[in-house]
């Protein structure tokens with residue numbers, strides 16, 4: 001059992017005193033103090049085990065021993081910046097290139113998805129000479145100022161949409177027109193890359209075999225919790241950026257330890273066949289959720305690929321009005337049942353499944369069984385005119 005010398009209440013009090021309220025917690029009314037993780041499970045200070053359906057950062061599982069070992073061994077030898085020659089960075093770039101279309105052959109290493117998307121924006125603007133950006137509705141591309149401006153998920157709560165930002169509903173809208181106008185495509189793979197979609201290693205491959213983006217950004221899952229990120233692009237885009245004469249340097253990007261971790265993640269994905277696992281478990285989870293839709297009218301659209309799945313909760317089929325309060329209630333009740341899940345979408349009514357890739361068939365059955373029981377209980381409360389309480 002995990003030990004907790006300070007105690008949850010003391011930790012929460014310190015956090016409230018020392019950290020900004022802008023740094024939010026999951027389950028703010030009753031946050032969980034997590035002290036350990038292993039595989040698809042997280043453990044609180046009392047030793048209670050939770051199934052983690054939120055954390056797509058721990059891509060191959062929390063504290064995977066091979067990833068931990070790779071970081072430990074390299075840390076004992078050397079960790080420095082990329083201005084020195086070192087095998088890890090070129091070995092890692094080579095391994096990544098083997099997963100990508102041939103034209104994506106130039107790599108930049110960074111520390112976070114936000115850094116990667118900021119660099120992608122710089123590369124695209126330098127190459128095209130244009131400033132305008134086309135983005136997907138409700139997209140989120142990072143916390144830097146340059147990225148908040150192109151993230152509907154964020155800018156709609158701030159100053160609103162800039163005149164040079166254009167929002168579309170799907171990635172397919174205007175593909176040919178954008179190419180014809182001299183635009184480039186950036187595939188943000190930070191949440192969905194590295195086999196999560198199951199059928200393909202990269203989510204952009206869902207657009208068709210002949211679709212190749214000009215820039216690909218990677219983060220989160222790339223380092224399994226270690227701060228690693230990457231931008232892959234074409235020779236043409238890279239040369240245009242180099243022509244400015246401005247050096248690109250990132251102090252910790254591509255460090256020997258970061259690249260050792262990245263290589264270990266690729267090794268685990270291959271050895272444990274986690275891409276195929278995501279396809280099979282994700283398909284099974286979608287099937288189970290589909291069966292629940294026939295039982296529970298509150299379940300609307302069920303969509304996803306691999307282990308990246310969203311479930312709409314709606315007031316009724318006719319209006320499809322978001323069932324936001326009910327979604328909060330379901331997530332709260334799942335937490336009581338030691339299952340961690342979050343909501344998303346403009347109406348905060350979409351249950352979002354993005355667990356570590358080792359999430360199992362048994363986990364899927366257990367989670368859906370608990371969801372079924374919660375929805376059944378909720379429907380009974382509604383029929384008896386009881387008020388739903390977020391902390392029952």
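The values are calculated or read from the model by the stated rules, or taken from the named source; none is laboratory data. Keep in mind the model is a prediction, meaning the values are calculated, not measured. Every residue, glycine as well, gets a Cβ built from its backbone with ideal geometry; the counts of neighbours run over all protein chains shown.
The lone criterion from (1) in contact (Cβ under 8 Å) with a residue 12 or more places away in the chain; (2) outside any strand (DSSP E or B); (3) within 28 Å of residue 307 (Cα to Cα); (4) assigned by the TED database to the domain that holds residue 308 left unmet by residue 104 is number (4). When 184, 192 are screened for being farther than 30 Å from residue 268 by Cβ, at pLDDT 80 or above and assigned by the TED database to the domain that holds residue 140, only 184 passes. Of the candidates 94, 161, the single residue that is assigned to a loop (DSSP other than H, G, I, E, B) and without any contact (Cβ under 8 Å) to a residue 60 or more places away in the chain is 161. Without any contact (Cβ under 8 Å) to a residue 40 or more places away in the chain and farther than 16 Å from residue 90 by Cα: does that describe residue 220? No; evaluated as a whole, the condition is false for this residue. Where helices (runs of 4 or more DSSP H) fall wholly inside the range 253-350, the ranges with 2 or more residues that are under 21 Å from the mean Cα position of the chain (by Cα), outside the structural domain of residue 223 (by the TED database) and buried (at least 18 other Cβ atoms within 10 Å of the Cβ) are 274-293, 324-336.
Within the range 202-212, is even one residue touching a residue at least 40 places away in the same chain (Cβ under 8 Å) and either more than 25 Å from residue 355 (Cβ to Cβ) or touching a strand residue (DSSP E or B) at 6+ places or on another chain (Cβ under 6 Å) (or both)? Checked against the condition, which is being touching a residue at least 40 places away in the same chain (Cβ under 8 Å) and either more than 25 Å from residue 355 (Cβ to Cβ) or touching a strand residue (DSSP E or B) at 6+ places or on another chain (Cβ under 6 Å) (or both), the range 202-212 yields at least one hit. Say whether the condition of being surrounded by fewer than 20 Cβ atoms within 10 Å (Cβ to Cβ) and farther than 21 Å from residue 37 by Cβ is met by at least one residue in the range 351-360. No, every residue in the range 351-360 fails to be surrounded by fewer than 20 Cβ atoms within 10 Å (Cβ to Cβ) and farther than 21 Å from residue 37 by Cβ. Within the range 302-312, the residues that satisfy the criterion of being at negative phi and touching a residue at least 12 places away in the same chain (Cβ under 8 Å) are 302, 305, 307, 308, 309, 310, 311, 312. Taking the criterion of being farther than 13 Å from residue 266 by Cβ and in a loop (DSSP other than H, G, I, E, B), the residues of the range 203-225 that qualify are 208, 209, 210, 211, 212, 213, 214, 219, 225.
Mind listing whichever residues of the range 313-343 are more than 16 Å from residue 367 (Cα to Cα), in contact (Cβ under 8 Å) with a residue 60 or more places away in the chain and in contact with a strand residue (DSSP E or B) (Cβ under 6 Å, 6 or more places away or on another chain)?
Here is the first cut: in the range 313-343, the ones more than 16 Å from residue 367 (Cα to Cα) are 313-326, 328.
This time we only want the ones that are in contact (Cβ under 8 Å) with a residue 60 or more places away in the chain, so: 325-326, 328.
Scanning the range 313-343 gives a single hit, 326.
Of the residues making up the range 144-164, those that are under 17 Å from the mean Cα position of the chain (by Cα) and at pLDDT below 70 are 153, 154.
Residue-by-condition table, conditions (1) part of a helix (DSSP H, G or I); (2) within 27 Å of residue 195 (Cβ to Cβ); (3) in the same structural domain as residue 246 (by the TED database):
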{"site": "109", "(1), (2), (3)": "no, yes, yes"}
{"site": "117", "(1), (2), (3)": "yes, yes, yes"}
{"site": "131", "(1), (2), (3)": "no, no, yes"}
{"site": "135", "(1), (2), (3)": "no, yes, yes"}
{"site": "138", "(1), (2), (3)": "no, yes, yes"}
{"site": "141", "(1), (2), (3)": "no, yes, yes"}
{"site": "178", "(1), (2), (3)": "yes, no, yes"}
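Of all residues in the range 331-381, exactly one satisfies the criterion of being within 26 Å of residue 61 (Cβ to Cβ) and at pLDDT below 95, namely 344. Applying the criterion of at least 1 residues that are exposed (fewer than 14 other Cβ atoms within 10 Å of the Cβ) to the strands (runs of 3 or more DSSP E) found wholly in the range 1-84 leaves 49-52.
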